[in-house]
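*Asks:* Sharing a structure, written as structure tokens. Questions coming.
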Amino acid sequence: MPFASLPSSALRPGVGSVEIFYRDEGEGPPLVLLHGGWGYSLYPFSRQTEKLRHSFRVICPDRSGYGRSNHSGGFAGFTIDFHYRAALETLSLLDSLDIKRAFLWGHSDGAIIAAIIGFTAPERVRGLILEAFHYFRVKPRSRGFFETLAHKPETLGSELCEKFALEFGADSWRNIITSHAGAWLQLAAESGGPKDDLYRGDLDKVSAPALFIHGGLDPRTEPDELEAVSRQLPQAQMQILKGAAHSPHSESAWADLVTTLAKEFLTRHLTDEEKA
């Protein structure tokens with residue numbers, strides 16, 4: 001099982017060195033998959049890896065506090081700027097793997113992180129796949145959902161809590177889930193208004209080719225959120241899958257189509273030599 005030793009992580013200030021677990025399959029141009037806020041195991045990219053590893057080196061890390069990266073030090077929780085901190089950790093991981101430039105595919109929180117890297121370190125990004133993307137800091141439709149997670153996550157049912165325990169550990173999952181939801185509530189509480197965005201007004205600085213993949217039934221999406229995204233990045237490709245929900249890549253009815261869309265996008269942005 002591969003682990004990368006990072007001298008430090010912005011997600012664990014003051015902890016010192018951090019061990020990051022990552023999945024690493026295939027050969028070719030690097031494609032980094034960034035999981036969402038509930039971790040890799042709840043929304044796995046296994047189908048995508050199986051299909052894409054023949055053309056790409058597919059790397060999927062567990063961020064600090066997640067999965068098999070939990071064992072070094074402690075995880076203090078989520079701060080309001082955790083997406084930016086996670087972007088720094090991701091860049092540090094790429095450095096440790098000697099990856100200069102990569103395609104990034106992020107899901108939900110991972111899509112936010114990928115987009116942040118897109119405008120804070122554009123020289124590291126060949127292309128972006130942004131799935132279940134978030135734009136607004138204030139999420140009225142999700143407020144009740146985040147409040148439940150922040151205060152009474154057990155009420156979501158034993159099956160989901162068991163999955164959390166497998167991802168984060170039986171003794172840690174509640175702290176991580178409540179802290180993550182609390183950070184989203186704090187993002188809204190400290191916003192400058194209902195249209196305040198997660199990118200400090202910088203999303204339009206993304207210059208890499210971008211593909212948005214979004215479920216038309218995603219419950220975490222505000223009514224005019226995707227329109228706001230399109231105004232910021234009019235050159236990006238937008239694929240809205242009308243019957244899909246929050247994780248099209250791991251939904252059985254949509255996984256194959258999502259993989260096909262992603263492969264077409266990635267292949268389009270390879271060099272002729274890489275395609276040969």
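The values are calculated or read from the model by the stated rules, or taken from the named source; none is laboratory data. Please read these numbers as outputs of a predicted model, since none were measured by experiment. Counting neighbours? That spans all protein chains shown, and the Cβs are built from the backbone with ideal geometry, glycine included.
*Asks:* Restricting segment 1-54 to residues that are within 16 Å of His107 (Cβ to Cβ) and among the hydrophobic types (A, V, I, L, M, F, W, C), which is surrounded by the most Cβ atoms within 10 Å (Cβ to Cβ)?
*Replies:* Filtering first and then ranking leaves Leu34.
*Asks:* Within the set of pairs 6+ apart or on separate chains, which have a first residue in segment 3-25 that is closer than 23 Å to Val58 by Cα and at pLDDT 95 or above, a second that is charged (D, E, K, R) and buried (at least 19 other Cβ atoms within 10 Å of the Cβ), and C-beta atoms under 6 Å apart?
*Replies:* Between residues of segment 3-25 that are closer than 23 Å to Val58 by Cα and at pLDDT 95 or above and residues that are charged (D, E, K, R) and buried (at least 19 other Cβ atoms within 10 Å of the Cβ), the close pairs are Phe21/Asp62.
*Asks:* Another question, then. Could you please tell me which pairs satisfy a Cβ distance under 6 Å, a separation of 6+ or placement on different chains, a first residue in segment 113-128 that is charged (D, E, K, R), and a second residue that is crowded, with 23+ Cβ neighbours inside 10 Å?
*Replies:* These pairs meet every condition: Arg126/Phe103.
*Asks:* Out of (1) closer than 21 Å to Gly182 by Cα; (2) in contact (Cβ under 8 Å) with a residue 60 or more places away in the chain, the odd one out for Phe56 is which?
*Replies:* (1) is the only condition that Phe56 fails.
*Asks:* Which helices (runs of 4 or more DSSP H) does segment 195-276 wholly contain that include 3 or more residues that are of a type in the set (A, V, I, L, M) and either under 20 Å from Phe119 (Cα atoms) or free of Cβ contacts under 8 Å to residues at least 12 places away in the same chain (or both)?
*Replies:* Because the criterion is at least 3 residues that are of a type in the set (A, V, I, L, M) and either under 20 Å from Phe119 (Cα atoms) or free of Cβ contacts under 8 Å to residues at least 12 places away in the same chain (or both), the helices (runs of 4 or more DSSP H) in segment 195-276 that meet it are 225-232.
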